[in-house]
1. Find all pairs meeting these conditions: Cβ atoms under 7 angstrom apart; at least six residues apart or on different chains; first residue within segment 30-53 and more than 16 Å from Val141 (Cα to Cα); second residue not in a strand (DSSP E or B).
2. Mind listing just one residue for me: the one in segment 116-133 that is touching a residue at least 24 places away in the same chain (Cβ under 8 Å) and in a strand (DSSP E or B) and, of those, nearest to the chain's Cα centre (by Cα)?
3. Report, by residue number, each residue of segment 136-147 that is within 17 Å of Gly69 (Cα to Cα) and of a type outside the set (Gly, Ala, Ser).
4. Collect the residues in segment 141-156 that are closer than 30 Å to Ile44 by Cβ and either part of a strand (DSSP E or B) or aliphatic (A, V, I, L, M) (or both), keeping them in residue-number order.
5. Would you pick out the residues in segment 74-96 that are more than 16 Å from Ser125 (Cα to Cα) and touching a strand residue (DSSP E or B) at 6+ places or on another chain (Cβ under 6 Å)?
6. Name the strands (runs of 3 or more DSSP E) wholly within segment 1-89 that hold at least 1 residues that are among the small types (Gly, Ala, Ser) and either under 30 Å from Ala154 (Cα atoms) or modelled with pLDDT under 95 (or both)?
7. Which one of these does Arg99 not meet: (1) farther than 14 Å from Thr45 by Cα; (2) not in a strand (DSSP E or B)?
8. Checking Val166 against (1) more than 18 Å from Gly52 (Cα to Cα); (2) of a type in the set (Val, Ile, Thr); (3) surrounded by fewer than 19 Cβ atoms within 10 Å (Cβ to Cβ), only one condition comes out false. Which one?
Amino acid sequence: MSRNRLLVIVALLLAGAVVPATVQAQTAQANLAVSATVIRNCTITAGTLAFGNYDPIVANAATPLDQTGTFTVTCTRGGATAVWVGMDNGANYLVPNRRMTDGTEFLNYELYSDAGRTTVWGNTSGTGLAVTPNGRVPVTVTVYGRVPQAQDVAAGSYTDTVVMTVNF
């Protein structure tokens, strides 16, 4: 063997000893199942119905005091095609009247689901108001209120609280 050939062989052997052998990588695969459940949900915002001044002597002696208020309903899109909103009789109800109070004095009023004030807004599916949700876009709902004319009540600031419920 020639000396050059011997040097080449030694050089190759030394190179093999210095450079580590390449390791063959291995792989395995599997699937990750990802899921979520979108729940049916609806929310209802608090509303306000402020009648303002009631004058049983002149302005409201023969004419009721009408006013409107609004609130919003928002529901999961596709979770409910129609919902209904009920309203209880308020904290001061005495058959057959919803009443606001100022201490021991009471001022009768009523809530309606229509502008003509012919359908009293109740708290059952038959007396509540059907609302069609629009996904995350709030639906504005109007409540129509009326304080009947010619009530003989003391001057004061009258209030009541009515609980609204969205049923879906």
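1. What qualifies is Val38/Thr76; Ile39/Thr76; Arg40/Thr76; Arg40/Gly79; Arg40/Ala80; Arg40/Phe168; Asn41/Thr76; Asn41/Gly79.
2. Val131
3. Once the filter is applied, which keeps residues that are within 17 Å of Gly69 (Cα to Cα) and of a type outside the set (Gly, Ala, Ser), segment 136-147 yields Pro138, Val139, Thr140, Val141, Thr142, Val143, Tyr144, Arg146, Val147.
4. Listed by number, the residues that qualify are Val141, Thr142, Val143, Tyr144, Gly145, Arg146, Val147.
5. If the condition is that a residue be more than 16 Å from Ser125 (Cα to Cα) and touching a strand residue (DSSP E or B) at 6+ places or on another chain (Cβ under 6 Å), then Thr74, Cys75, Gly90, Asn92 are the ones that fit.
6. 65-75
7. Going through the list (1) farther than 14 Å from Thr45 by Cα; (2) not in a strand (DSSP E or B), Arg99 breaks only (2).
8. (3)
The values are calculated or read from the model by the stated rules, or taken from the named source; none is laboratory data. Since this is a predicted model, take the numbers as computed values, not measurements. Counting neighbours? That spans all protein chains shown, and the Cβs are built from the backbone with ideal geometry, glycine included.
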